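Heads up: the structure comes next, in structure tokens.
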Amino acid sequence: MRRYRRALLVLMLVGCLGLAACGGTQAADDGSVPIGTRVLEAPEKDTAKDGLEEKDLSSRTVAPSGAAPVSGLSPVALPAPAGALPDPLPAPATPVHGTPAAVWQPLLQRLAADGIAGPDVTALFAALPAEATQSPMGRKMKELYRKRFMPAPPVTGKPRMQYYKGVVTEANARTCAAFVRENEAAFRKARESYGVPPQVAVALLFVETRLGRVLGDVKENAFYTLASMAVSRDVDSISQWLPQLPGYQKHLDWFAETMPKRADWAYRETRALVEHMLRDQVPAEHLPGSIYGAVGLCQFMPSNISTYGADGDGDGRVDLFTIPDAVASLSHYLYKHGWRAGLSRQRQHALLMRYNKSTVYANTILALADLVAKQLQGKGV
């Protein structure tokens with residue numbers, strides 16, 4: 001009897017250990033964020049034209065704890081504030097394991113015709129949700145429709161905005177200067193290579209993404225955004241947005257002409273992004289983007305990455321979500337468009353408008369750069 005009890009206890013102990021081992025393979029459900037995951041702070045919309053709300057921009061760096069860094073990513077941590085992650089993408093719902101949904105097949109065929117095919121490409125599309133999101137094309141067509149058929153009356157008696165609201169401040173200049181000092185090697189290397197002074201480079205990063213704090217203003221990642229836009233070629237693909245376009249039935253010919261052009265533009269950007277993900281080993285989940293797919297601290301459209309992207313940290317890859325690569329890439333872009341040390345203020349302004357065709361944008365960067373330069377005076381940066 002004692003032997004039987006002893007054997008039973010041994011069996012129970014083995015069973016408990018087996019259950020514990022199985023439990024150890026489950027993903028943690030404690031809300032922790034692995035290192036390498038970008039913690040984003042979604043922008044809150046206001047009336048300012050830049051689409052980015054002013055944030056509390058302390059200079060401290062918050063690094064999530066727990067897992068090892070993602071292989072190949074720069075050890076330089078982004079200055080990501082604590083906060084909620086954006087709404088996650090819907091779980092990929094593919095009809096067959098490892099097979100992209102039907103909605104993505106036209107893109108795969110088109111990519112294959114352009115010489116981009118293989119298991120890695122298939123895997124990228126297999127990980128996407130089974131349906132395209134209507135948001136990017138719907139948003140773009142709403143913007144174009146209102147401009148074309150519902151123009152707003154001109155505003156009179158109101159002074160034109162010279163700078164983006166709340167950006168050109170001493171507090172923001174101090175934050176930018178601290179960011180330059182913390183990443184001095186990256187800014188010095190960019191200046192030596194491309195002639196772009198640290199105060200201009202950091203001011204541009206601040207205007208674009210608040211130094212990496214606002215990396216995506218939609219919940220979809222850039223790959224899903226652009227791929228969805230690329231397959232949205234007719235009004236049926238933006239049916240949820242049509243109620244916001246009064247009288248659209250009268251302009252179906254305009255939709256039929258305009259949407260394929262926008263979809264073709266999105267296809268070219270999708271193709272460039274796929275090439276970037278494969279070439280530089282950047283997974284889609286590391287690509288939060290703007291409403292139309294711009295990525296990184298410096299907000300490059302994917303088609304600019306192969307031409308102007310620069311490897312600032314020497315790891316053999318271009319990852320615009322790392323500080324050295326973002327600083328090097330924006331500086332390389334300006335250099336390729338004519339930036340040189342000692343340029344006149346007027347010429348600097350013109351080149352910044354090549355980055356973003358907006359007078360207010362260029363005004364804001366140069367004005368903030370002036371304040372940052374005062375903060376950096378005598379610091380040897």
Provide the per-residue ³J(HN,Hα) series for the stretch 280-287, in order, calculated from phi with Karplus coefficients 6.51, -1.76, 1.60 and θ = phi - 60°, each as a whole number of Hz, with x at glycine and proline positions. 9, 6, 10, x, 4, 5, 9, 10
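Treat the stretch 325-371 as a sphere of radius equal to its Kirkwood radius over Cα pairs and apply Stokes-Einstein at 25 °C in a medium of 0.890 mPa s; give the translational diffusion coefficient in µm²/s, rounded to a whole number.
This corresponds to a translational diffusion coefficient of 224 µm²/s.
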Most exposed first by the Cβ proxy, i.e. fewest other Cβ within 10 Å, how do F255, F187, F149 rank? F149, F255, F187
GluC sites (Glu not before Pro) lying in DSSP loop within the stretch 203-297, provided at most 14 other Cβ fall within 10 Å: none
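Past 28 Å, Cα to Cα, is the threshold; run K140/K189; K165/K374; K219/K357; K142/K165; K165/K189 against it and keep the listed order.
K140/K189; K165/K189
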D (µm²/s, integer) via Stokes-Einstein for the stretch 232-353, Kirkwood Rh across alpha-carbon pairs, 10 °C, 1.306 mPa s: value 94 µm²/s
Can you give the extra length, in nm with one decimal, that the chain gains between K336 and L144 once fully stretched, where that is 0.36 nm per residue apart less the Cα-Cα distance? 66.0 nm
Tell me which trypsin sites (Lys or Arg not before Pro) from the stretch 148-201 have a DSSP coil assignment and no more than 14 other beta carbons within 10 Å of their own. R160
Determine, for W254, W339, the number of other Cβ atoms within 10 Å of each Cβ, and report the residues in order from fewest to most. W254, W339
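Computed from the coordinates by the stated procedures, all read-outs in this text should not be read as laboratory data. Fair warning: this is a prediction, and the values are worked out from it, not measured in the lab. Using ideal geometry, Cβ is built from the backbone for each residue, glycine included, and neighbour counts are taken over all protein chains shown.
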